[in-house]
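Student: Got a structure for you, written out below as structure tokens; questions coming shortly.
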């Protein structure tokens, strides 16, 4: 699990944004990433997909 993942708390982000949030590691085989943003993310910078 990449160390950057610990900086993104799903529960906290969901409360702040008032929308459901899912956080996945770049190497998570079960991640939902239809636009392939994980492969374009730079270390320390998230790939964000909004639906």
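Student: Would you check if residue 46 is assigned to a loop (DSSP other than H, G, I, E, B) and touching a residue at least 40 places away in the same chain (Cβ under 8 Å)? Can you show your working first?
Tutor: On the way: assigned to a loop (DSSP other than H, G, I, E, B): yes; touching a residue at least 40 places away in the same chain (Cβ under 8 Å): yes.
So residue 46 passes the test.
Student: For segment 1-42, which residues satisfy the criterion of being at pLDDT below 80, part of a loop (DSSP other than H, G, I, E, B) and exposed (fewer than 11 other Cβ atoms within 10 Å of the Cβ)?
Tutor: Once the filter is applied, which keeps residues that are at pLDDT below 80, part of a loop (DSSP other than H, G, I, E, B) and exposed (fewer than 11 other Cβ atoms within 10 Å of the Cβ), segment 1-42 yields only 1.
The values are calculated or read from the model by the stated rules, or taken from the named source; none is laboratory data. All values reported here derive from a predicted model rather than from experimental measurement. Here Cβ is always computed from backbone atoms with ideal geometry, including for glycine, and neighbour counts include all displayed protein chains.
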